[in-house]
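Presented below is the structure to which this report refers.
The values are calculated or read from the model by the stated rules, or taken from the named source; none is laboratory data. Just so you know, these numbers come straight off a predicted model, no measurement behind them. Reconstructed Cβ throughout: ideal geometry from the backbone, glycine too, with neighbour counts over all protein chains shown.
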Amino acid sequence: MDILGENLKQVLEGAAQQQAQQQPQPQPQPQPRPQQPPPGMPSPNDLSDILSQIFGGGGAQKLPEVVRQFEEKGMRDQVDSGVRTGPNKPVDRRQIEDAFGQRQLDHLARTKGIDRDQLAEVLAKYIPRIIDELTPQGQLPARR
């Protein structure tokens with residue numbers, strides 16, 4: 001079962017719906033064009049691949065490790081708010097850089113041909129949501 005994939009799909013669909021509600025609806029185009037992300041930004045497929053690498057594949061085996069990385073960098077409140085039920089505390093780009101390190105972010109961005117700073121911004125937006133979705137009972141899953 002691909003836990004991360006299902007949760008990522010829900011988060012991305014929710015974000016797309018929220019963004020669509022905030023933007024005025026454009027007039028229909030005569031020829032539909034596939035939506036491409038802005039230059040330097042990850043595509044949904046790239047983001048899915050990157051988050052799978054971070055969280056350890058479809059089963060999100062590295063979730064406890066990701067949580068520990070945040071805690072070790074002094075972000076216990078932010079990560080606890082993602083694990084517990086209720087609203088998530090925001091995480092910013094610099095905190096993502098601190099938690100994962102420049103080297104790992106550079107590697108992830110380079111493999112997908114995207115801007116590292118943009119990647120950090122996107123991860124700051126989605127990682128708290130993913131942690132929240134992966135911990136619906138308000139606690140980390142038991143290790144197997």
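Tabulated data
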item: Segment 46-94, subset in contact (Cβ under 8 Å) with a residue 40 or more places away in the chain, more than 24 Å from ASP115 (Cα to Cα) and among the polar types (S, T, N, Q), residue surrounded by the fewest Cβ atoms within 10 Å (Cβ to Cβ); result: THR85
item: Yes/no for SER81 being modelled with pLDDT of 90 or more, within 27 Å of LEU140 (Cα to Cα) and among the hydroxyl-bearing types (Ser, Thr, Tyr); result: yes
item: Tally of residues being surrounded by 14 or more Cβ atoms within 10 Å (Cβ to Cβ) and either more than 21 Å from ASP46 (Cα to Cα) or β-branched (Val, Ile, Thr) (or both) across segment 96-125; result: 4
item: Scope segment 57-73; condition part of a loop (DSSP other than H, G, I, E, B) and either at pLDDT 95 or above or touching a helix residue (DSSP H, G or I) at 6+ places or on another chain (Cβ under 6 Å) (or both); matching residues; result: GLY58, GLY59, ALA60, LYS62, LYS73
item: Where a residue in segment 110-125 is within 14 Å of LEU51 (Cα to Cα) and of a type in the set (Asp, Glu) and its partner, wherever it lies, is in a helix (DSSP H, G or I) and modelled with pLDDT of 90 or more, with Cβ under 9 Å and at least six apart; result: GLU121/ARG93; GLU121/ILE96
item: Qualifying position, being of a type in the set (Val, Ile, Thr) and in contact with a Gly (Cβ under 7 Å, 6 or more places away or on another chain), among ILE131, ILE96; result: ILE131
